[in-house]
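**Q** Encoded as structure tokens, here's the structure I'll be asking about.
A short reminder: the numbers here are calculations on the coordinates, not readings from a lab. What you see is a predicted model, and the numbers here were worked out from it, not measured in a lab. Note that each Cβ is placed from the backbone with ideal geometry, even for glycine, and that neighbours are counted across all protein chains shown.
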Amino acid sequence: MEHRVMVEITDGVADVRLVRADKMNALDNAMFSALIETGEALKANKAVRAVVLSGEGRAFCAGLDASNFGKMAEGGGGSGNGGETALGERSHGVANRAQYAVWVWRDIPVPVIAAVHGVAFGGGFQLMLGADMRYVAPDTKLSIMEIKWGLVPDMAGTQLMRHLVREDIVRELTYTGRIFSGTEAARIGFATRVCDDPRAEALAVARDIAGKSPDAIRAAKRIYNAAPYRTVAEGLIDESVEQTKLIGSPNQVESVMANLQKRAAVFND
């Protein structure tokens, strides 16, 4: 894993970096494994309160390693998901292996911020969609590039895009594969912020989030993760259930007392 993804955890913030810089952090079998292993480890780490996901070198992630496309053309095992050929197999809950490399970031119970620069093409673009928020440099080049290779986006992108951007825009970008900028990504809804230094800004926001009640942050993420698939009535119940658990809990009391006493809160993970 250390040859594909590096993780440093400081004061509750997990700084996660794709480190295959010589290949623009392209997705090969080892990268798929590293993303899943990293996500699973962060899911289980109660001390983590926020995550920043970025790529070292010239790019966030250039998408699927080019060698996989040659294997596809030869009828080999280059399935586009790191070597798994049975795409219909649900190896990770509702997802297959490649889908879970993206979806695991949505499953992490604390906020994930993707800091995106250089390029985010194809699978790299879908990877950033798994984050709660996406901070993108203005000159970043992005593309739903699968159509170039005669494919469709299949790393959970179709299910994530439909909740972020108008359907006709998603369709146009999918059908054409055209490259668009970080500035356009913010205008149409794929980027949360346009930043000259996405990683620095993402880390600053992550540190701010890490200073809030971890119970309330996790509850909010559970509500928002479920919301697209719930009726209004179910969503209102979700709010009430989570709020009932929070009111009077130790971390909620600490939030109140810290504000009343004008001091920094000290939360228990």
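**Q** Treating the beta-carbon of each Lys and Arg as +1 and of each Asp and Glu as -1, no other charges, what is the dipole magnitude of the range 214-260 about its Cα centre, to the nearest 20 debye?
**A** On the way: 5 positive and 6 negative charges, 26 e Å.
Roughly 120 debye, rounded to the nearest 20.
**Q** Okay, next question. With unit charges on the beta carbons (Lys and Arg positive, Asp and Glu negative) and the dipole taken about the Cα centre of the range 214-260, which residue among GLN252, TYR224, VAL241 sits farthest to the positive side?
**A** Going by the charge dipole, the pick is TYR224.
**Q** Would you please give the FRET efficiency between GLU254 and LYS148, computed as 1/(1 + (r/R0)^6) with r the Cβ-Cβ distance and R0 = 51 Å, to the nearest 0.05?
**A** Working: r = 52 Å, r/R0 = 1.02.
After rounding to 0.05, the efficiency reads 0.45.
**Q** Determine ³J(HN,Hα), in whole Hz, for all residues of the range 37-47 in sequence, where each value follows from phi through the Karplus function 6.51 cos²θ - 1.76 cosθ + 1.60 and θ = phi - 60°; x replaces Gly and Pro.
**A** 4, 5, x, 5, 5, 5, 4, 8, 8, 5, 7
**Q** Once you have all Cα-Cα distances for the chain, histogram them in 10 Å bins from zero and send the whole-percent values.
**A** 7, 29, 35, 20, 7, 1, 0
**Q** Would you kindly state the longest site-free stretch of the chain, with sites defined as trypsin sites (Lys or Arg not before Pro) in a DSSP loop (not H, G, I, E, B) surrounded by at most 15 other Cβ atoms within 10 Å?
**A** Working: sites that count: LYS46, ARG58, ARG90, ARG162, ARG166, ARG178, ARG230, LYS262, ARG263.
For trypsin sites (Lys or Arg not before Pro) (loop position, at most 15 other Cβ atoms within 10 Å), the longest site-free span of the chain is 91-161.
**Q** If you don't mind, there's one more thing I want to ask. Between ARG193 and VAL266, what length in nm is gained on full extension when 0.36 nm per residue of separation is reduced by their alpha carbon distance? Before the final figure, lay out the partial values.
**A** Values: separation 73, 0.36 × 73 = 26.28 nm, distance 2.94 nm.
Taking 0.36 nm per residue and subtracting the Cα distance, the gain is 23.3 nm.
**Q** Taking the Cα centre of the range 5-210 as origin, sum charge times position over the Cβ atoms of Lys and Arg (+1) and Asp and Glu (-1), and report the length of that vector in debye to the nearest 20. Walk me through the numbers before you get to the answer.
**A** Values: 22 positive and 25 negative charges, 51 e Å.
Roughly 240 debye, rounded to the nearest 20.
**Q** Please order CYS61, CYS195 by the number of other Cβ within 10 Å, starting at the fewest. Show your work: numbers first, answer last.
**A** On the way: CYS61 30, CYS195 21.
Final ranking by Cβ density, sparse to dense: CYS195, CYS61.
**Q** Measuring from centroid to centroid over Cα atoms, what is the spacing of the range 7-21 and the range 111-135 in Å?
**A** Between the Cα centre of the range 7-21 and that of the range 111-135, the gap is 15 Å.
**Q** Between LYS245 and ARG166, how high is the FRET efficiency from 1/(1 + (r/R0)^6) when r is the Cβ-Cβ distance and R₀ = 45 Å? Nearest 0.05. If you can, show how the numbers build up before the last one.
**A** On the way: r = 35 Å, r/R0 = 0.79.
Calculated transfer efficiency: 0.80.
**Q** How would TYR175, TYR224, TYR135, TYR100 line up from fewest to most surrounding beta-carbon atoms within 10 angstrom?
**A** Ascending Cβ contact count within 10 Å gives the list TYR175, TYR224, TYR100, TYR135.
**Q** What percent does the relative contact order of the range 131-237 come to when contacts are Cα pairs within less than 8 Å and at least six residues apart?
**A** Details: 95 pairs, mean separation 37.4, N = 107.
Computed over the range 131-237, the figure is 35 percent.
**Q** Test of understanding: ordering LEU18, LEU164, LEU42 by Cβ neighbours within 10 Å, fewest first, what list do you get?
**A** LEU164, LEU42, LEU18
**Q** Would you pull out the residues with amide H under 5 Å of SER91's amide H, same chain only if 5 or more places away, H placed 1.01 Å from N?
**A** HN-HN under 5 Å from SER91: ASN96, ARG97.
**Q** Also: How high is the relative contact order of the chain? Use alpha-carbon pairs under 8 Å, at least six apart in sequence, and give a whole percent. List each step's numbers first, then the result.
**A** Working: 502 pairs, mean separation 44.2, N = 269.
This gives 16 percent for the chain.
**Q** Can you find, among MET133, TRP103, ILE188, the residue farthest towards the positive end of the dipole of the range 95-224? Put +1 on the C-beta of Lys and Arg, -1 on that of Asp and Glu.
**A** Working it through, the farthest residue towards the positive pole turns out to be TRP103.
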